[in-house]
1. Kindly indicate which of V257, V272 is farther than 25 Å from C17 by Cα, assigned to a strand (DSSP E or B), open to solvent by less than 10 Å² (accessible area, probe 1.4 Å) and in contact (Cβ under 8 Å) with a residue 60 or more places away in the chain.
2. Identify, from the list T313, T323, the residue that is touching a strand residue (DSSP E or B) at 6+ places or on another chain (Cβ under 9 Å), β-branched (V, I, T) and free of Cβ contacts under 8 Å to residues at least 12 places away in the same chain.
3. Being surrounded by 18 or more Cβ atoms within 10 Å (Cβ to Cβ), assigned to a strand (DSSP E or B) and in contact with an Asp or Glu (Cβ under 8 Å, 6 or more places away or on another chain) is the filter here; which residues of the stretch 43-74 pass it?
4. What tally of residues in the stretch 75-94 results from selecting those that are under 17 Å from the mean Cα position of the chain (by Cα), crowded, with 18+ Cβ neighbours inside 10 Å and assigned to a loop (DSSP other than H, G, I, E, B)?
5. Among the residues of the stretch 143-166, write down those that are farther than 14 Å from L99 by Cα and outside any loop (DSSP other than H, G, I, E, B).
6. Restricting to the stretch 7-31, count the residues that are in a strand (DSSP E or B) and open to solvent by 20 Å² or more (accessible area, probe 1.4 Å).
7. Check off (1) surrounded by fewer than 20 Cβ atoms within 10 Å (Cβ to Cβ); (2) part of a strand (DSSP E or B) for W34 and give me the number that stays unchecked.
8. Give L99, L126 a once-over and let me know the one that is open to solvent by less than 60 Å² (accessible area, probe 1.4 Å) and within 20 Å of A56 (Cβ to Cβ).
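The values are calculated or read from the model by the stated rules, or taken from the named source; none is laboratory data. All of these numbers come straight from a predicted model, not from anything done at the bench. In this analysis, Cβ positions are derived from the backbone assuming ideal geometry, glycine residues included, and neighbour counts consider all displayed protein chains. SASA here: full protein model, heavy atoms, side chains in, ligands and nucleic acids out. Shrake-Rupley method; radii C 1.70, N 1.55, O 1.52, S 1.80 Å.
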Amino acid sequence: ATRPAYLGTYGGGIISCTYDTETGDLTEIGGFRWITNPTFLAPSPSGEVLYALDNATSTGQVRAFARGAGGALTELGSAQSTGGLNVTHLSVHPSGRHLLSANYGAGSVAVHPVRDDGSLGARTALVQHHGSGPDPDRQEGPHAHQMLTDPEGRYVFAVDLGTDTVYTYRLDADSGALDPVAEETSEPGAGPRHMVFHPTAPYAYVANELDSTVSVCAYDRESGRLTRGESLPTVPRDPGTRNYPAEVTISEDGRFVYLSNRGEDSVARFAVGDGGGSLRLLDTVPCGGSWPRHISLSPSGGLLFSANQYGRTVGVFTVHPDTGALTPSGTPHPTISLGCVLPM
């Protein structure tokens with residue numbers, strides 16, 4: 001059997017694919033090649049609409065596409081401005097009514113309403129972060145890198161690499177406004193990039209790009225507040241070069257966390273313990289290329305894909321159902337420079 005998948009690229013627009021659900025073997029079938037650096041993609045909760053970044057203008061844009069038979073894409077409405085330079089991440093609120101985005105260059109976050117047909121309306125919120133960190137090259141100012149929602153859809157979170165902070169917001173379901181709720185800081189200079197919530201336990205896991213660690217955070221579901229706990233290395237040994245964690249994801253059953261390492265060029269596997277409150281690094285496996293910017297699990301959980309930005313490949317792995325171990329599946333798929341791989 002085959003299912004659709006989409007590649008978000010540098011210089012090649014959105015590439016539509018199919019993949020073999022047993023082996024992960026990818027076949028490129030088309031796409032929207034004219035969009036400028038759509039390096040992150042996100043589906044609607046129903047899976048009927050695909051949202052993408054577009055960095056064709058001085059301020060970022062977001063776009064919507066209807067998904068048809070075989071994964072074919074049809075543009076929905078027009079692009080909408082995110083109000084800030086270099087939009088780098090987007091996600092859809094679980095209600096399906098709002099699109100959230102992060103402007104890395106500007107250090108701001110935005111909200112757009114989602115219309116009934118899945119197209120996007122004009123921006124309803126733009127929040128500017130302020131501050132800096134101790135790294136003079138990467139933390140001279142705010143750099144919002146991710147916008148996401150907790151599993152219950154109660155609060156919205158912005159992960160900012162430049163200010164060493166994860167911000168909690170409350171989203172007004174009617175107006176689309178963002179109201180500040182709380183802030184949780186990392187170790188100075190850690191550079192939090194992306195985080196993922198445990199699917200059932202009150203914890204989240206933050207990948208820190210600048211000090212090559214992952215942090216376990218307790219999560220108060222009522223207040224929306226995160227409390228940082230243990231941080232541990234994302235590689236088992238000195239890789240011989242500086243390492244920059246990128247994406248972090250979790251198995252549907254919450255037993256294993258996976259994280260991509262740029263530098264060691266690997267995917268790390270962590271065991272989740274203590275009811276979600278701890279992580280233990282089990283191993284790392286080569287990513288099937290170079291500079292794994294993004295990783296994602298297939299809906300079945302049986303495959304993991306690695307978007308290797310500099311290697312210009314997609315690494316494909318089968319996931320052991322009991323141990324979560326990753327085994328390379330075939331030869332990495334050759335393509336162009338990648339920001340994101342999204343199996344559906």
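1. Working: V272 fails: open to solvent by less than 10 Å² (accessible area, probe 1.4 Å).
Checking each option against the conditions leaves just V257.
2. Numbers: T313 fails: free of Cβ contacts under 8 Å to residues at least 12 places away in the same chain.
The match here is T323.
3. Result: Q61, V62, R63, A64, F65, R67.
4. Kept after step one, since they are under 17 Å from the mean Cα position of the chain (by Cα), are these residues of the stretch 75-94: 86-94.
Okay, now just the ones that are also crowded, with 18+ Cβ neighbours inside 10 Å, so 86-93.
Next, only the ones that are assigned to a loop (DSSP other than H, G, I, E, B) stay: 86, 93.
Count: 2.
5. Within the stretch 143-166, A144, H145, V159, D160, T165, V166 qualify.
6. Initially, the stretch 7-31 is screened for residues in a strand (DSSP E or B), giving 7-9, 14-20, 26-31.
After this cut, where a residue has to be open to solvent by 20 Å² or more (accessible area, probe 1.4 Å) as well, the list is 18, 20, 27-31.
Qualifying residue count, the stretch 7-31: 7.
7. The failed condition is (2).
8. On the way: L126 fails: open to solvent by less than 60 Å² (accessible area, probe 1.4 Å).
Sole residue among the options that is open to solvent by less than 60 Å² (accessible area, probe 1.4 Å) and within 20 Å of A56 (Cβ to Cβ): L99.
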